[in-house]
Amino acid sequence: MKYLDEYRDAKIAHGLAAEIRRRSTKPWVLMEICGGQTHTLVRYGIDDLLGNSVELVHGPGCPVCVTPLEMIDRAIALARRPEVTLLSYGDMLRVPGSGSDLFHAKAEGGEVRVVYSPTDAVQLARTRPDRKVVFFAIGFETTAPAHAMAVLQAAKLGLKNFSLLVSHVLVPPAIRVLLASPKNRVEGFIAPGHVCTVVGCQEYQELVKEFHVPIVVGGFEPVDLLEAINMLVAQLEEGRVGMENQYTRSVQYQGNQPAREAVARVFEISDRKWRGIGSIPLSGLRLKQEFAAFDAERIFDLAEVRAEEPSECISAEVLLGHKKPTDCPAFGARCSPEKPLGAPMVSTEGACAAYYQYRRHVAAV
Amino acid sequence: MCLAIPGKVTQIEVKDGIRMGRVLFGGIARQACLDFVPEAKEGDYVMVHVGFAISVVDQDEAERTYALLESMGVLADELSPEEVVPPKA
Amino acid sequence: MPLTISTDATSPQSDAVRKEDKKDPGAFSCPVPLPAGERVLLGHGSGGKLSVELLNDVFLPALGNPVLDRMEDQAVVSVNGARLAISTDSFVVKPLFFRGGNIGSLAVHGTMNDLAMGGAKPLWMSVAFILEEGLPIDMLRRIVSSMRDAAADAGVQIVAGDTKVVERGGADGVFINTTGIGRVREGIFLSANQAKPGDAILVSGTLGDHGIAILAEREGLQFETQVTSDSAALHTLVDALLQGTRKIRCMRDPTRGGLSSTLNEIAASSRVGMELEETAIPVREEVRGACEMLGLDPLYVANEGKLVAIVAASAAQDALHALQSHPLGKDARIIGRVTAEHAKMVVMRTPFGTTRIVDMLAGDQLPRIC
């Protein structure tokens with residue numbers, strides 16, 4: 001597959017890794033932000049290729065993992081209503097809320113279905129006017145434009161039975177929290193390439209200026225990530241600090257204008273709670289008042305739920321890069337993908353889950 | 001939340017006022033919404049995320065940067081097996 | 001740096017461990033039983049960890065006996081000195097008709113394959129239908145003639161049958177349950193607990209064809225070159241393999257749960273590790289593309305016309321050539337070997353030379369979006 005396979009080339013990967021090891025004079029602590037990037041790094045064993053030249057820690061870039069307990073509980077509550085058809089992306093189904101998950105809600109008789117695209121959700125609402133179709137709209141900035149279009153399309157079609165349960169989060173505020181923490185060890189970031197494809201690079205430029213830390217916008221294939229790591233190590237070794245773009249085949253500095261406009265039309269910025277981290281001001285999106293008719297939280301009466309995570313879970317530390325999954329005493333023992341104690345183990349994109357699935361056989365550093 | 005993969009646009013048409021493209025991913029064709037990439041034309045490659053194209057692949061840029069990457073690959077030929085995957089400390 | 005392995009991996013194989021493992025060859029370190037009030041989830045039927053959990057928590061404690069406890073794909077019993085293999089299966093595929101077959105042909109192939117994997121020649125089958133009220137009789141006729149054709153091709157007789165009808169909504173059109181009986185060949189003793197370090201691991205062809213063909217039909221995926229289910233009767237392929245070599249430890253057909261579930265089961269049963277080469281694993285281009293697009297891994301996708309064989313190292317080449325010389329095995333490959341390290345864990349060498357685990361999934365594979 002073009003523009004995919006070439007970026008999985010083993011020889012280029014080895015060449016880049018050797019270059020990084022040659023260049024590096026100390027184990028720079030680098031963080032990739034997006035769950036998809038974590039998945040690639042862990043699946044291809046990139047840490048093994050890099051040896052001691054770099055220490056990779058993983059960021060909070062898994063929107064499935066950071067969706068708050070209360071949101072999951074609301075989704076489950078909706079799924080249990082006889083008139084509701086709850087549609088969701090696949091990865092959300094196994095995520096535990098405070099007592100149950102969507103798979104169980106389905107087993108108990110709730111109508112829960114997996115969709116690959118928000119367009120499918122609109123289509124379903126169109127063909128089933130007898131059902132109240134609720135789409136569990138989670139994601140980062142990458143997915144917001146698609147969700148915005150779904151709402152605009154539903155409005156155009158005059159649909160009265162379609163709504164979104166929104167749990168959108170924005171990346172830069174989380175990075176700010178991370179960088180502002182006195183426990184922060186991260187010396188360089190790989191910014192999420194598909195988020196930047198949509199929003200552009202300006203916010204990351206600002207982060208560089210404010211925190212004086214190198215950031216490289218990176219893609220998702222192993223060669224992309226190795227190239228991004230190489231660029232970061234080059235900056236760090238040479239004492240430079242800047243924002244660079246590795247993923248130039250997809251990312252432009254100004255981002256995608258029509259996509260951003262769609263988001264701005266439909267959503268506004270709000271405070272959001274991140275599972276495992278807590279509330280981060282102005283870190284999420286919610287539907288504008290104008291589109292209240294498509295907001296599941298405003299249409300349905302959903303009781304507030306206060307839920308606590310098991311105290312053994314150190315997800316806050318993992319999500320912010322202070323600790324690695326293998327540092328957690330519960331990892332692989334009391335906490336596994338089948339019986340997760342917290343956020344980063346719940347989704348296949350979460351750092352703990354990725355380590356568990358692919359890499360628990362290697363030495364803990 | 002970022003699984004977007006590159007595909008080739010083979011046919012464009014407007015359905016229900018939305019610009020849709022038939023996009024080929026390896027051997028599979030899927031419909032994707034092209035409203036975010038008004039400049040995309042047949043023959044272009046686009047990055048598709050949850051059924052929406054979010055960028056047009058800059059083929060010239062890809063070619064240029066890939067040539068540099070390939071030179072990295074050439075260097076790899078000179079590596080010994082321990083240099084390729086360093087033994088664990 | 002000290003090597004730490006997760007608690008899932010086995011420690012020195014003491015008798016104590018053996019005794020505990022005896023009941024659950026697919027044991028995982030999950031001592032907490034399914035809580036009362038827990039419900040059956042779709043994942044319990046996926047062939048992954050949840051399926052194993054259900055077996056260990058509900059079925060084996062109640063029904064276990066020395067034959068059942070072996071947990072092979074077929075049970076081998078002795079009748080007056082003859083070894084008979086018995087297997088049972090249910091077919092609930094949706095959609096009923098797909099490229100490469102339908103629920104009927106699938107039922108015949110699947111049953112025969114379970115027997116063939118035990119080195120048995122399939123002889124007789126029983127078929128029980130559960131029909132949904134409202135099913136067009138024409139559709140039923142088509143399904144049944146496919147079954148007739150599939151059975152005739154294989155020289156298998158369908159000797160007993162049953163029909164039940166449930167109300168509209170009680171079944172997806174048709175559910176089929178089968179029992180197969182075959183005669184195990186002389187001198188053949190295959191079992192999932194026979195794999196030994198050094199053994200070679202072979203697959204008879206490309207992975208993921210059936211699962212993707214079904215998914216394509218369900219989701220309306222259009223392929224430039226259509227993906228066809230590989231549903232096929234494998235007993236003649238098994239014959240060819242046995243002609244090539246008798247040094248076979250075990251054969252399995254990687255159906256639901258894919259190659260990964262099958263290898264993990266064998267690894268657990270034999271208490272060995274496995275090492276696979278990612279570059280050696282055969283996957284069709286279209287299947288790979290579909291998996292990329294949907295965020296699926298071909299190692300977990302179902303196959304209905306492929307087998308995995310664990311053979312002695314010295315017999316690997318003979319086995320490979322025997323498979324490749326048969327039309328159903330032309331894409332056969334040696335994909336890895338059995339090892340004494342990381343017991344019960346299947347590890348894969350990536351194209352980069354690094355390693356990752358090929359884990360058993362909990363339930364069904366969920367398409368990724370991240």
Can you tell me how many residues in the stretch C:189-232 are out of contact with any strand residue (DSSP E or B) (no Cβ under 8 Å at 6 or more places or on another chain), among the hydrophobic types (A, V, I, L, M, F, W, C) and closer than 26 Å to C:Leu123 by Cβ? 2
Which ones in the stretch B:36-68 are of a type in the set (A, V, I, L, M, F, W, C), at the interface with another protein chain (Cβ under 8 Å from one of its Cβ atoms) and surrounded by fewer than 22 Cβ atoms within 10 Å (Cβ to Cβ)? B:Val57, B:Ala62
Checking A:Gly36, A:Gly15, A:Gly45 in turn, the sole residue that is out of contact with any strand residue (DSSP E or B) (no Cβ under 9 Å at 6 or more places or on another chain), crowded, with 19+ Cβ neighbours inside 10 Å and at the interface with another protein chain (Cβ under 7 Å from one of its Cβ atoms) turns out to be A:Gly15
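If only one of A:Leu152, A:Leu124 is at the interface with chain B (Cβ under 10 Å from one of its Cβ atoms) and under 18 Å from A:Phe294 (Cβ atoms), which one is it?
A:Leu152
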Within the stretch A:126-162, count every residue that is loosely packed, with under 15 Cβ neighbours inside 10 Å and either among the small types (Gly, Ala, Ser) or in contact with a helix residue (DSSP H, G or I) (Cβ under 6 Å, 6 or more places away or on another chain) (or both). 1
Tell me, yes or no, whether the stretch A:104-112 has at least one residue that is assigned to a loop (DSSP other than H, G, I, E, B), facing another protein chain (nearest Cβ under 10 Å), small (Gly, Ala, Ser) and farther than 26 Å from A:Asp295 by Cβ. no
1 or more residues touching a strand residue (DSSP E or B) at 6+ places or on another chain (Cβ under 8 Å), closer than 30 Å to A:Leu159 by Cβ and of a type outside the set (D, E, K, R): qualifying helices (runs of 4 or more DSSP H) within the stretch A:226-324: A:257-266, A:296-299
Please identify the pairs in which a residue from the stretch A:330-346 that is in a helix (DSSP H, G or I) has its Cβ atom under 8 Å from the Cβ atom of a residue that is among the basic types (Lys, Arg), counting only partners at least 6 apart or on another chain. A:Ala343/A:Arg275; A:Val346/A:Arg94
Could you identify the single residue in A:Phe136, A:Phe211, A:Phe220 that is outside the structural domain of A:Leu30 (by TED's automatic domain parsing) and aromatic (Phe, Trp, Tyr)? A:Phe136
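The rows are residues; the columns are (1) under 27 Å from A:Leu319 (Cα atoms); (2) of a type in the set (Asp, Glu).
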site	(1), (2)
A:Leu4	no, no
A:Asp9	no, yes
A:Leu30	yes, no
A:Val54	yes, no
A:Met71	yes, no
A:Ala79	no, no
A:Val84	no, no
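This table checks each residue for (1) out of contact with any Lys or Arg (no Cβ under 7 Å at 6 or more places or on another chain); (2) within 30 Å of A:Val64 (Cα to Cα); (3) part of a loop (DSSP other than H, G, I, E, B).
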residue: B:Lys8; (1), (2), (3): yes, yes, no
residue: B:Gln11; (1), (2), (3): no, no, no
residue: B:Met20; (1), (2), (3): yes, yes, no
residue: B:Leu24; (1), (2), (3): no, yes, no
residue: B:Asp35; (1), (2), (3): no, yes, yes
residue: B:Lys41; (1), (2), (3): yes, no, yes
residue: B:Ala62; (1), (2), (3): no, no, no
residue: B:Tyr66; (1), (2), (3): yes, no, no
residue: B:Met72; (1), (2), (3): yes, no, no
Among the residues of the stretch A:163-207, which ones are more than 14 Å from chain B (Cβ to nearest Cβ), part of a strand (DSSP E or B) and of a type in the set (A, V, I, L, M, F, W, C)? A:Leu165, A:Phe189
Say whether the condition of being within 12 Å of chain C (Cβ to nearest Cβ), surrounded by 23 or more Cβ atoms within 10 Å (Cβ to Cβ) and among the aliphatic types (A, V, I, L, M) is met by at least one residue in the stretch A:76-90. no
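For the stretch A:142-162, what are the residues that are part of a helix (DSSP H, G or I) and either closer than 20 Å to A:Ser283 by Cα or of a type outside the set (Val, Ile, Thr) (or both)?
Here is the first cut: in the stretch A:142-162, the residues part of a helix (DSSP H, G or I) are A:144-156.
The answer is A:Ala144, A:Pro145, A:Ala146, A:His147, A:Ala148, A:Met149, A:Ala150, A:Leu152, A:Gln153, A:Ala154, A:Ala155, A:Lys156.
The values are calculated or read from the model by the stated rules, or taken from the named source; none is laboratory data. Here the structure is a predicted model, which is why all the values come from computation and not from measurement. As a convention, Cβ positions derive from the backbone with ideal geometry for all residues, glycine included, and neighbour counts pool all protein chains shown.
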